[in-house]
Amino acid sequence: MVRSLGSSAMQSLLLQNYARANSFLNQATERLSTGLRINRASDDPAGLIATVKLKSDLLDLSARTRVNELRRGQNRIHQSGLQAKSRVLQELRGLAIQAGGNTGSPEYRNALQVQADASIDALGLIASTRGESLPSSLVNLRSGGTASLADGDVAEAVTLLDQEIADNNSSRMAAGVYEKYTLDVDQQLAEAQAVATASSLSY
């Protein structure tokens with residue numbers, strides 16, 4: 001028996017088919033506009049749980065990247081301080097070498113001591129900006145100290161400065177290694193994971 005288009009049963013069937021087709025069209029349009037397969041729980045209840053987890057992972061990776069950038073900035077400030085300290089130490093060592101010359105008169109050595117005291121003040125300022133105190137060995141190079149350039153043991157001054165320079169170089173190397181092999185590697189891993197996670201969300 002052929003149903004008439006005008007029958008209520010046929011109209012109901014047509015309306016159901018239309019509603020179903022319209023729902024599929026709306027879902028396809030939404031997926032195209034968002035680029036996501038799952039936009040609400042009804043799209044895929046089980047898949048929604050995985051999607052929420054992936055979004056949470058993306059937030060964690062974003063926070064990890066921000067923390068990394070903060071640490072990188074702090075480390076570079078630390079390296080700048082070490083670089084400035086290195087320059088001053090080298091200049092101070094040069095003054096000590098000059099003071100140790102056989103031709104150095106008392107007046108000349110006193111003039112060098114004035115420069116040395118100013119250099120030590122600069123090192124104290126660098127140390128304070130990093131929350132540190134001036135090493136006691138450098139205090140000995142000040143006027144009246146056992147290793148002062150004016151009337152102290154200049155050979156001791158050079159030895160103390162050589163040790164400070166070596167220690168500072170070790171600190172600079174450690175800061176560089178930390179950035180290259182810890183911060184940079186962690187950043188690369190976080191970026192790769194973020195790309196993979198974002199790609200998984202698009203399915």
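The values are calculated or read from the model by the stated rules, or taken from the named source; none is laboratory data. This one's a predicted model, so the numbers in the text were calculated from it and none came from an experiment. All Cβ positions, glycine included, derive from the backbone under ideal geometry; neighbour counts span all protein chains shown. Keep in mind that these areas ignore ligands, DNA and RNA; they rest on the heavy atoms of the full protein, side chains included. Shrake-Rupley method; radii C 1.70, N 1.55, O 1.52, S 1.80 Å.
Which peptide among 81-90, 140-149 comes first, and what is the full order, when sorted by highest mean count of other Cβ atoms within 10 Å?
Highest to lowest by the protection proxy: 140-149, 81-90.
Quick one: which residues, 5 or more positions from D153 or on another chain, have an amide H under 5 Å from its amide H? H modelled 1.01 Å from N in the peptide plane, none for Pro or chain starts.
Close amide H contacts, sequence-distant or interchain: A147, S148.
Per residue of the stretch 58-73, in order, report the coupling 6.51 cos²θ - 1.76 cosθ + 1.60 (Karplus, θ = phi - 60°) as ³J(HN,Hα) in whole Hz, putting x for Gly and Pro.
5, 5, 4, 5, 5, 5, 4, 5, 5, 5, 4, 5, 5, 5, 5, x
Give me the 1.4 Å probe accessible area per residue for the stretch 81-148, excluding ligands and nucleic acids, in Å².
The answer is 52 Å² per residue.
Ordered by packing density, taken as the mean number of other Cβ atoms within 10 Å over each peptide's residues, highest first, how do 157-169, 176-188 rank?
157-169, 176-188
Between N140, T197, S86, whose Cα lies farthest towards the positive end of the dipole of the stretch 82-203 when Lys and Arg beta carbons carry +1 and Asp and Glu beta carbons carry -1, centred on the Cα centre?
Of the candidates, T197 comes out farthest on the positive side.
Give the value in nm², to one decimal: projected area of the alpha carbon convex hull of the stretch 66-203, averaged over all directions.
Mean shadow area of the hull around the Cα atoms is 9.1 nm².
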